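*Asks:* Sharing a structure here in structure tokens format.
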Amino acid sequence: MNNTMSDKNILQKDHLVPLLRRLNKDYRMVLPVRNSSGDTLFAEVETLDGCRIDLDSQTLASAKHYLFPQLETLFKYRISADGGYSFEPVCEAEPTIFFGLRSCDLAAILYMDVIFLQKTKDPYYLQKRQNAILISLGCTEPFANCFCNATRSGPFLEYGFDLQFTDLGDRYFVETGRVSGGEIVRRYSHYFTPASEKDSKDQYQASLEARGRFKRQVHVDQATKRLQAEDVPESIWTELSLRCQDCGGCAYICPTCTCFTIRDQPCSAQEGERLRAWDACTFAGFTRMAGGHNPVQHRTQAIRKRFLHKLLHDVEKHGRSSCVGCGRCVDMCFGGVDIVRCVAMINELQ
Amino acid sequence: MAGLATTFGSGAMTNSINEIENSQVILVSGSNTTDTHPQVARRILAAVDRGAKLIVIDPRRTRMAEYAHIHLAIRPGTDIPLLNAMMRIILDENLVDDVFIEMRTENFHALRDMLYRMDLQETVSITGVPLEDISRAARRYARAQKAVICYCLGVTQHICGTDNVQNYSNLAMLTGHVEQEDTGVDPLRGHSNVQGACDMGALPAVFPGYQPAADPEARAKFSRAWKTELPEKPGLTLLDMTHGGPGGAVRGMVIVGENPMLSDPTLGKVKKTLEGLDFLAVSDLYLTETAVMADVVFPAASFAEKTGTITNSERRVQLVRQAIAPVGSCLPDYRIIMELSGRLGFAMEYDSPAEIMEEIALLTPIYGGIYHDRLEAGWGLQWPCTDRSHPGTPFLHKYSFTRGRGHFSPTRHLPPSETPDEEYPMILITGRFYHHFHTGTMTRKSPTLIREGGGAIVQVHAADAEVLRVRNGDQVTITSRRGTITVQVEISDQVSQGNLFTTFHFAEAPVNELTVDARDPRAQCPEYKISAVRIEKAGP
């Protein structure tokens, strides 16, 4: 049979669920599922029976927490009778297929790779990342708050995915990116047929049309240029900080926010564990020193730091903004202290 | 509660929370909305984004006040003269809604006559607010087509709390700003389900749905349903019980989900009262300051471990579904009550919260159409909802007030029960910080929240701090006629000179050792907001 599958294939829509069912036998599966409250979230599924796979909505949260959990045990400790400590590292991951990742969420994982793997390799992240197969679904219909076209992290990606799906109405166009994606297509080749010239053209057309369907125009680059050129007035940060309700939701929901704190949790007098938990730069405790002094004096400065990090510092450090344009902070923030408002305020300056 | 019930006939938000977003002028009073009601604050901010004007009345420069177009920084406890002045200006400039007053209200002349006799300059000296600002606020509010008033405990926790509330209703009726969509008077409720607790008759003189215990018909109805004789005499208010003293009339108490050993004023009295009881049972999630004094403690299930309903500020009854099985031996509240009542010889037999809801619907007209199966479907129902086909009521008093005509109740300034003097020269205001909820029984279990706000602090104005020679982080003692606590200083521009602000979250600095036990004679709400105190730098 064809052991030399092309890197562009077609999967008929009828065969999607059978393929996922097959993959589920060999891998742990994480995909967008609509739950009983009507919310769509990434979920690990045991079986596809009775599970409502939802490929038409944006998941409320990205897949960040599968690679970088909100609360993660790093190791367990035990105090022996003679007072000595023994440690037991906790670091495990099983091969996992992430299906239905949107381009922004996948771009966010690529950003996390830079943070966790570029210099000192974080073993906890690395373990999960090496076991992850990322199958993305390009966005032919961007959602209400999306602006990934402005951050160059969508609606389709050029690289980074193992497989990228494009919905062509009756069929999916499946592009192979990295090696493990190719392995999936080879191993389950009976589900796929090689894409024709027309399929490729249809995919190109679909990706072009998607670019025209964004409902928001967010000029991220323009704001970055402005920030590079001058100090924007304090009034912007003051106004944003007056609206901030200090919930930390923006950092928790942001697929590229990777700050964490470490704490020890005793489970009994003899045992306990060291945990790492998501943190948020807008919290006062994020920068407060042990003696009570806080180098970031005011909420205003914390807000400023947060947006400069996304729009300026990451551009200087990594060559691109760490906002991936998913728009989730727009829905999350009670006070409207989101990056879309911030970008608009910067660009509206005289 | 009592205030709005007198003027409008119903003591709840007249609007839905969503409607605030469409208002043109929002008058926020005595509410640190950003910190204490984030879901309301977001609507206020959204309204401002759409061009609405924001007026804040508050002695503190809260973040909402900083965001406001007009901030009236009154001296604590001077709402009444401020509002009287606003109404006088509205009257003088003929911005009243004559038709509304004529068609929908009564007793306007009493208000008008009182306003004509007042002296505006005197108001300025009482409130400390320039007349020009008062005029601007009055005109803004009166000229709007749609205006809402949101108030919170800064209005009610005074000895004149009921009068305060009535004066806000006077202002709204004078300008016709009630009984429409996006327009009204909205008390913001604090504790989750405090609205529901009031609705269910957790008040001294009413049965569920505010049916008076004094009404023989209502009494007969509930007696028939519960197969027991019900007393005609109203029960006791909170402070009558917890301040009753060691030889008080109440000999035994069952306290459910409340921590009076931290939350009630003048804690010394509370302690003596509870110690003097023959029997005390407490039902709570954790072993609170009150629970440790109990003879019996019932472990209660948390919100995640039980099914039931919560009624929020906008009268919306919402279903809360059990997510996990109760941990350990804890039980949902209704099971605890049933077990207890069974042992006391009164069998209460309900199989589920849904069955209890059916009884509520049967006996409580405003909840008459609210059943669990209906609540399953959407985002809950807003009472009054009288039968199964009733869609619920987003805003109250459409076409007519619950009591018929809206009643103008003229009110006069009543000085706080304690005013600063030489010995106790400062005013202490108590309230809440963002990161903790009430007495901290739940929030002080979270490491992140502890990191954000770990201990008690007092906000001090920079000029006062200079006189005291204290810096940020220094320890100070605050002393009132009733007690002393030690807290850390935070120099803040949120309080004005002469005022201090602190919270009641922290058992190690129980601010209610200091607060006065004076209360509003009608609502019986304690004057938590004003105590005269002295502040000193603590020890070496």
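*Asks:* State the antiparallel share, in %, of DSSP beta bridges confined to chain B, rounding to the nearest 5. Mind dumping the intermediate values first?
*Replies:* Numbers: 26 of 64 bridges.
Around 40 percent of the beta bridges assigned by DSSP in chain B are antiparallel ones.
*Asks:* For a protection proxy built on the mean count of beta-carbon atoms within 10 angstrom, sort A:107-116, B:153-162 highest first, please.
*Replies:* Numbers: A:107-116: 20.7, B:153-162: 25.3.
Top to bottom by mean Cβ count within 10 Å: B:153-162, A:107-116.
*Asks:* Return the long-range amide H neighbours of A:VAL33 (sequence gap of 5 or more, or a different chain), with a cut-off of under 5 Å between placed amide H atoms.
*Replies:* Amide H to amide H, under 5 Å and 5 or more residues apart or across chains, A:VAL33 pairs with A:LEU41, A:PHE42, A:ALA43, A:ASP54.
*Asks:* When DSSP assigns beta bridges and you keep just the ones with both residues in the protein assembly as shown, what percent turn out antiparallel, to the nearest 5? Walk me through the numbers before you get to the answer.
*Replies:* Details: 64 of 113 bridges.
In the protein assembly as shown, approximately 55 percent of DSSP beta bridges are antiparallel ones.
*Asks:* Continuing with the same structure: Enumerate the amide H contacts of A:PHE75 below 5 Å, restricted to partners 5 or more residues apart or on another chain; note that Pro and chain-start residues carry no placed amide H.
*Replies:* A:VAL90, A:ARG274
*Asks:* Calculate, in whole percent, how much of the Cα-Cα pair population of segment B:151-244 lies beyond 18 Å.
*Replies:* Working: 2765 of 4371 pairs.
For segment B:151-244, the fraction of Cα-Cα distances above 18 Å is 63 percent.
*Asks:* Let me ask something else. Just checking the output field for A:240-247: average partner chain Cβ neighbours within 10 Å of each residue's Cβ? Don't skip to the answer; put the middle values down first.
*Replies:* Numbers: counts 0, 2, 9, 8, 2, 10, 7, 2.
If you average over the peptide's residues, the count of other-chain Cβ atoms is 5.
*Asks:* Now, a different point. What would the Debye formula give as log10 I(q)/I(0) at q = 0.11, 0.12 Å⁻¹ for the alpha-carbon point model of chain B, no solvent?
*Replies:* -1.06, -1.27
*Asks:* Please enumerate, by chain and number, the lysines with C-alpha under 18 Å from the C-alpha of B:LYS146, excluding those fewer than 8 residues away in the same chain.
*Replies:* Hits, sequence-local ones excluded: B:LYS53, B:LYS398.
*Asks:* Okay, next question. Would you calculate a helix-derived [θ] at 222 nm for chain B, using -39,500 (n - 2.57) for each DSSP H run of n ≥ 4 and dividing by the full residue count, to the nearest 500?
*Replies:* Working: 21 runs with 173 residues, N = 540.
Mean residue ellipticity, 222 nm, calculated: -8500 deg cm²/dmol.
*Asks:* Obtain the radius of gyration and the Kirkwood radius of chain A from its C-alpha atoms and give Rg over Rh.
*Replies:* Values: Rg = 22.2 Å, Rh = 22.1 Å.
Looking at chain A, the ratio lands at 1.00.
*Asks:* Assuming R0 = 56 Å, can you tell me the calculated FRET efficiency for the pair B:ALA304 and B:ARG251, based on Cβ-Cβ distance, to the nearest 0.05?
*Replies:* Efficiency for this residue pair is about 0.95.
*Asks:* Sort B:LYS53, A:LYS310, A:LYS121 so that the residue with the fewest other Cβ atoms within 10 Å of its own Cβ comes first and the one with the most comes last.
*Replies:* Values: B:LYS53 21, A:LYS310 26, A:LYS121 11.
Arranged by neighbour count, lowest to highest, B:LYS53, A:LYS310, A:LYS121 become A:LYS121, B:LYS53, A:LYS310.
*Asks:* What is the Rg over Rh value, at two decimals, for segment B:382-443, using alpha-carbon atoms and the Kirkwood definition of Rh?
*Replies:* Ratio value, two decimals: 1.22.
*Asks:* Roughly how big is chain A's charge dipole about its Cα centre, with Cβ charges of +1 (Lys, Arg) and -1 (Asp, Glu), in debye to the nearest 20?
*Replies:* Values: 43 positive and 43 negative charges, 84 e Å.
For this selection, approximately 400 debye.
*Asks:* Ranked highest first by the average count of other Cβ atoms within 10 Å around their residues, in what order do B:279-287, A:172-180, A:8-16 fall?
*Replies:* Details: B:279-287: 18.0, A:172-180: 19.7, A:8-16: 16.4.
The packing order, highest mean first, is A:172-180, B:279-287, A:8-16.
*Asks:* Counting only DSSP beta bridges with both residues in chain A, tell me the antiparallel percent, nearest 5. Each step should come with its number before you reach the end.
*Replies:* Details: 38 of 49 bridges.
In chain A, approximately 80 percent of DSSP beta bridges are antiparallel ones.
*Asks:* Can I ask one more? Please state the relative contact order of chain B as a whole percent: Cα pairs under 8 Å, 6+ residues apart?
*Replies:* On the way: 1107 pairs, mean separation 94.6, N = 540.
18 percent.
*Asks:* Among B:ILE89, B:ILE530, rank each residue by its count of other Cβ atoms within 10 Å, from fewest to most, as a rough exposure measure. Walk me through the numbers on the way to the answer.
*Replies:* Numbers: B:ILE89 20, B:ILE530 27.
Sorted ascending by nearby Cβ count, the order is B:ILE89, B:ILE530.
*Asks:* Taking Cα pairs under 8 Å and at least six residues apart, what relative contact order does segment B:81-225 come out at, in percent? Could the numbers behind the result be given before it?
*Replies:* On the way: 129 pairs, mean separation 33.9, N = 145.
RCO, segment B:81-225: 23 percent.
*Asks:* In peptide B:448-455, what is the residue-averaged number of other protein chain Cβ atoms found within 10 Å of each Cβ? If you can, show how the numbers build up before the last one.
*Replies:* Working: counts 9, 2, 1, 8, 7, 2, 2, 0.
Other-chain Cβ atoms within 10 Å of each residue's Cβ, averaged: 4.
*Asks:* For the pair A:TYR85 and B:TRP226, how long in nm is the line joining their label points, each one 7 Å along Cα→Cβ?
*Replies:* 5.8
*Asks:* Cross-link partners among aspartates and glutamates for A:LYS13, C-alpha distance below 16 Å, same-chain residues fewer than 8 apart left out?
*Replies:* Partners found: A:ASP54, A:ASP56, A:ASP167, A:ASP170, A:GLU175, A:ASP199, A:ASP202.
*Asks:* Return the calculated 222 nm mean residue ellipticity for chain A, to the nearest 500 deg cm²/dmol, obtained by summing -39500 (n - 2.57) across DSSP H runs with n ≥ 4 and dividing by the residue count.
*Replies:* Values: 14 runs with 121 residues, N = 350.
Value at 222 nm, helices only, nearest 500: -9500 deg cm²/dmol.
*Asks:* To continue, here is another question. Could you work out the mean count of beta carbons from other protein chains within 10 Å of each residue's beta carbon in A:272-280? Don't skip to the end; give the middle numbers.
*Replies:* On the way: counts 0, 0, 0, 1, 0, 2, 1, 2, 1.
Mean shielding by partner chains, rounded to a whole number: 1.
*Asks:* Oh, and also: In a shell of Cβ-Cβ distance under 11 Å around B:ASP421, excluding B:ASP421 itself, what net charge do Lys and Arg (+1) and Asp and Glu (-1) give? Mind dumping the intermediate values first?
*Replies:* Details: positive: B:ARG481, B:ARG534; negative: B:GLU418, B:GLU422, B:GLU423.
Its environment carries a net charge of -1.
*Asks:* Search the structure for amide H atoms under 5 Å from the amide H of B:VAL28, placed 1.01 Å from N in the peptide plane, and list their residues when 5 or more places away or on another chain.
*Replies:* Sorted by chain and number, the residues that satisfy this are B:ILE55, B:VAL56, B:ILE57, B:CYS150.
*Asks:* Also, I was wondering about something else. In whole Hz, with x marking every Gly and Pro, tabulate ³J(HN,Hα) for segment A:95-100 from phi via Karplus 6.51 cos²θ - 1.76 cosθ + 1.60, θ = phi - 60°.
*Replies:* Each residue of segment A:95-100 in turn: x, 10, 9, 9, 10, x Hz.
*Asks:* Also, I was wondering about something else. Using Cβ counts within 10 Å as a stand-in for footprinting exposure, how do B:ILE478, B:ILE324 rank, fewest first? Write out the running numbers ahead of the final one.
*Replies:* Working: B:ILE478 26, B:ILE324 10.
So the residues, fewest neighbours to most, are B:ILE324, B:ILE478.
*Asks:* Let me ask something else. Points 7 angstrom from Cα along the Cβ direction at A:GLN350 and A:SER189: gap in nanometres?
*Replies:* Label at A:GLN350, label at A:SER189, 6.8 nm between them.
*Asks:* What longest region of chain B stays clear of GluC sites (Glu not before Pro) that DSSP places outside H, G, I, E and B and that have at most 14 other Cβ atoms within 10 Å? If you can, show how the numbers build up before the last one.
*Replies:* Values: sites that count: B:GLU93, B:GLU181, B:GLU229, B:GLU232, B:GLU349, B:GLU422, B:GLU423, B:GLU508.
Counting at most 14 other Cβ atoms within 10 Å as exposed, the longest clean stretch of chain B is B:233-348.
*Asks:* Pairwise over distinct Cα atoms, reciprocal of the mean inverse distance: report the Kirkwood radius of the protein assembly as shown in Å, one decimal place.
*Replies:* One decimal place: 30.8 Å for the Kirkwood radius.
Read the figures in this text as sums done on the coordinates, not as results from a lab. Being a predicted model, the structure only gives us computed values, none of them experimental. Every residue, glycine among them, receives a Cβ derived from its backbone with ideal geometry; neighbour counts consider all protein chains shown.
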